[in-house]
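Below is one structure, written out as structure tokens, with a few remarks after it.
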Amino acid sequence: MAKEVKEKKESKIRGNSLGAAGFTLGVLGVLAFGVIGLVISIVGFVLCFIQQKNKPTKLGKAGLILNVIGFVLSLVYLIWVAPIVAKYLQNLNSASA
């Protein structure tokens, strides 16, 4: 009887690992911008997607949402903000020279 309980507990811990890893990468993806944020978000999304496909959890679902948000924020940064910052730095460099 005690052996069954121990096996179930180990299975539950093992079953949440992809969701926890994907959630962690989702948080990092939201905080990181640019290419790094894109890569982190894609990897986290894949981990959370596998978690949700095999054994759906709340942590996996939250990780999916965070990874999508991080992906969109990184795209917005690369497409809209980065060129503006690059142009500003170029103007700043030419003005000081």
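FYI, it's all coordinate maths here, none of it is from the lab. All figures in this text were calculated on a predicted structure; none of them were measured in a lab. Virtual Cβ from ideal backbone geometry, glycine too; neighbours counted across all protein chains shown.
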By my count, helices (runs of 4 or more DSSP H) wholly in the range 20-97 with at least 2 residues that are charged (D, E, K, R) are 58-76
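Residues are listed down the side, and each one gets a yes or a no for (1) crowded, with 16+ Cβ neighbours inside 10 Å; (2) without any contact (Cβ under 8 Å) to a residue 40 or more places away in the chain:
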| residue | (1), (2) |
| --- | --- |
| 54 | no, yes |
| 63 | yes, no |
| 71 | yes, no |
| 74 | yes, no |
| 77 | yes, no |
| 82 | no, no |
| 86 | no, yes |
| 89 | no, yes |
| 96 | no, yes |
